Amino acid sequence: MAVSLFDPIKLGAIDAPNRIVMAPLTRGRAGPGFVPNELALEYYRQRASAGLIISEATGISQEGLGWPSAPGLWTEAQVEGWKPVTDAVHAAGGRIVAQLWHMGRLVHSVFNDGKPPVSASATTGTGRAHTPVGRMDLEEARPLRLDEIPRVIADYVKAAENAKKAGFDGVQLHGANGYLIDQFLRDGSNLRDDDYGGSVENRIRLLREVTESLIGVWGKDRVAVRLSPNGETQGVDDSAPEKLFPAAAAALDALGIAFLELREPGPEGTFGRTDVPKQSPAIRAAFKGPLILNSDYDVAKAEAALADGSADAIAFGRPFIGNPDLVERIKSGAEWAADNPQTWYSPGAEGYTDYPALVNA
């Protein structure tokens, strides 16, 4: 029997009523102290019909958060700010997991009392950093010492514990898009010659250890991971993704995580175009749990991926910005509203919570 976007799916311990997942979307609306506010409550509540919401990337520490007005999960105030958000999603019948984020070398020192960013190696990201005082050139990172890695893992553990206190249904480790975990995974940014560098086995070590630590907090059936296995992203790339990412997927499969999400752009992607082939077929063979695919899917492509077994669910990103009721629009065949890129990261409700639902359009 053909699988539909509207068939329920079990993602570990999470029972999703459909296979339309809301992908993580950084929106820059948190208040002082990186604390979510009432705007976030309404934003997520409006989108609770998704089978599962993956929260915007959420910082695990001040060291790891370098985006203006992004939320965190390392202070009690942040936990208290998230509680009304998760309550609102649950009251609307939804489910939400927290995506845990350390940006690594993409954190500008202006966010961290002038201290340099940390990464796998002494490298510099591409592009410019978003800061409270405008765009600034990225800086060379300081390699994490071996004796510091347990501290970073402990930061992930604390954020996972705080996510539980805040009422989330689980956590997703952000291992994609050129951030810290990705910087350790790929040989273009990981130049280490110790136990965390060199071989594929060594480069996936931090991914595995952090995932294990999250499982220690939540249990394996409420921990997920996001990877971006094909092409360069924010200056991070690998010379042999066809070897690296199936091995990473096999390690995650052995841990029995709830699901694996892949962001795989193509040559005409809206963010991070690449001609590097998608690695999901090989990952699909290595990872037996639910696989969620993301990047520039429309309904036809999504249904085709479910029909041929390439994916178990599809994560939609930008379509959820302009369409809080995306699930209903897909179900009814209604047109999707366009979003306004000028308001992706701007403050206030405009372009955030003021997109009308279909019934009010």
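The values are calculated or read from the model by the stated rules, or taken from the named source; none is laboratory data. The structure displayed is predicted, hence computed values, not measured ones. Positions of Cβ are backbone-derived with ideal geometry, glycine not excepted, and every protein chain shown enters the neighbour counts.
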Do we have any residue at all in the stretch 320-331 that's more than 22 Å from residue 97 (Cβ to Cβ), of a type in the set (Lys, Arg) and either free of Cβ contacts under 8 Å to residues at least 60 places away in the same chain or not in a loop (DSSP other than H, G, I, E, B) (or both)?
yes
Just one listed residue, out of 234, 183, is of a type outside the set (Val, Ile, Thr) and crowded, with 24+ Cβ neighbours inside 10 Å, and it is 183
Taking into account only those residues within the stretch 117-157 that are of a type in the set (D, E, K, R) and assigned to a helix (DSSP H, G or I), which is nearest to the chain's Cα centre (by Cα)?
155
Looking only at the stretch 96-111, decide whether some residue is under 19 Å from residue 353 (Cα atoms) and either in contact with a Ser or Thr (Cβ under 7 Å, 6 or more places away or on another chain) or of a type in the set (Val, Ile, Thr) (or both).
yes
Identify all residues within the stretch 255-310 that are surrounded by fewer than 17 Cβ atoms within 10 Å (Cβ to Cβ), within 18 Å of residue 20 (Cα to Cα) and either out of contact with any helix residue (DSSP H, G or I) (no Cβ under 7 Å at 6 or more places or on another chain) or acidic (Asp, Glu) (or both); write none if there are none.
298, 300, 301, 304, 307, 308, 309
Which count do you get for residues in the stretch 156-188 that are acidic (Asp, Glu) and out of contact with any strand residue (DSSP E or B) (no Cβ under 8 Å at 6 or more places or on another chain)?
2
Where in the stretch 5-49 are the strands (runs of 3 or more DSSP E), entirely inside, with at least 3 residues that are of a type outside the set (Lys, Arg)?
14-16, 20-22
Looking at 96, 14, 53, can you tell me which residue is of a type in the set (A, V, I, L, M, F, W, C), more than 30 Å from residue 140 (Cβ to Cβ) and more than 15 Å from the chain's Cα centre (by Cα)?
14
Determine which single condition residue 120 fails, assuming it passes every other condition in (1) farther than 30 Å from residue 50 by Cβ; (2) surrounded by 15 or more Cβ atoms within 10 Å (Cβ to Cβ); (3) out of contact with any Phe, Trp or Tyr (no Cβ under 7 Å at 6 or more places or on another chain); (4) in contact (Cβ under 8 Å) with a residue 40 or more places away in the chain.
(3)
Within the stretch 211-223, does at least one residue satisfy the condition of being among the polar types (S, T, N, Q) and either in a loop (DSSP other than H, G, I, E, B) or at pLDDT below 95 (or both)?
no
